Structures are given as C-alpha cells and as structure tokens.
Amino acid sequence: MAPRALLSRIRLAPLLHHHHLRRSLSAATSPPDESPASPPGPPPPSNSRLFVAGLAWSVDERSLTDAFSSFGTVTEVRIMYDKNSGRSRGFGFVHFSNDHEAKCAKDTMDGKVMLGRPLRISFALDKVRGTQVIVPRLSTIK
C-alpha cells in the first residue's frame, strides 16, 4: 500500500464505524485497474488573500499593513473584532494585489514574532454560506 493511502487510512481510522465511510475508503484503496492514468485535475484556484492568526490585541489595521507592505501592494487589511467587547479576536486577513506577493509574504512571515506573538499564516479559504467547509489537517512532522 502506498504511504499516502496508508496515512489516509490512519487518519480516518476512528471514523470507520460509519458504513458509508468504510465503503468509500475501501473503494479508494482498492488496487487501481490497468486503465491509462487520467489527466490531473485543474490547478488550485489562485489566492492572493492571507489568513493571519496569532495577532496581539494591540495590532491594528495600520500596523498589519506596515508589516506586510514590504512584500507588495496590500489592497485590503481586515482584523476581526469581538462584537461585544470590541477587542481584536486575534486574527485577520491581508489581501495582496497578486498571488506571488501573497506567497512571498506567507513564506517569510509565517512563524515570525509580531508584538511578542508568533504569527500563523495560511492562504484564506473562500467563504461558503450554507455548506460545511472541510479543512484537511496536515501533519507538521519533519
């Protein structure tokens, strides 16, 4: 069994008591037939928006813009605030003018400390209303 398939089975092991998951998993791990390989799917959509977590409460839109503007043109910065207290919820979004600038900023700033707190940066997911968004968890073991 391929390592990737084995890793998928291990992650799904606690969920295998559901018959539909068991059926899907067994179909996915069955040996491939001898038909020619299908072409890869479409490339992932481009993304110039970053999700920035681990913000200190004192960080505002101006300081976040200043921190990321060295990587390119920052088109929008939004920090999410608590409705009741008005205090920062500790995360926000930084929008760049293109994907390359966003990737450079993510690669450089992820894990860097800003006002005493390490930033955790990833590409923002599209907001989908009315449906669940399932985010796969990737291992950070090196």
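The values are calculated or read from the model by the stated rules, or taken from the named source; none is laboratory data. In this text the structure is predicted, and so the values were computed from the model without any measurement. Cβ sites come from the backbone with ideal geometry, for glycine too, and all protein chains shown count toward neighbours. Ligands, DNA and RNA are stripped out before the accessible areas are found, and what is left, the full protein with its side chains, is counted by its heavy atoms. Shrake-Rupley method; radii C 1.70, N 1.55, O 1.52, S 1.80 Å.
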Return the residue satisfying two criteria in turn: it lies in region 110-134 and is loosely packed, with under 15 Cβ neighbours inside 10 Å and of a type in the set (Gly, Ala, Ser), and of such residues it is modelled with the lowest pLDDT.
-> Gly130
Which of the residues spanning region 57-91 are acidic (Asp, Glu) and farther than 16 Å from Ala124 by Cα?
-> Asp60, Glu61, Asp66, Asp82
Which of (1) in a helix (DSSP H, G or I); (2) buried (at least 16 other Cβ atoms within 10 Å of the Cβ) is the odd one out, the single condition Thr65 does not satisfy?
-> (2)
Output the number of residues of region 81-99 satisfying the condition of being open to solvent by 80 Å² or more (accessible area, probe 1.4 Å) and in contact (Cβ under 8 Å) with a residue 24 or more places away in the chain.
-> 1
What are the residues in region 68-78 that are open to solvent by less than 30 Å² (accessible area, probe 1.4 Å) and over 18 Å from Arg89 (Cα atoms), if any?
-> Phe68, Gly72
Would you check which residues across region 100-109 are open to solvent by less than 40 Å² (accessible area, probe 1.4 Å) and touching a strand residue (DSSP E or B) at 6+ places or on another chain (Cβ under 8 Å) and list them?
-> Ala102, Ala105, Met109
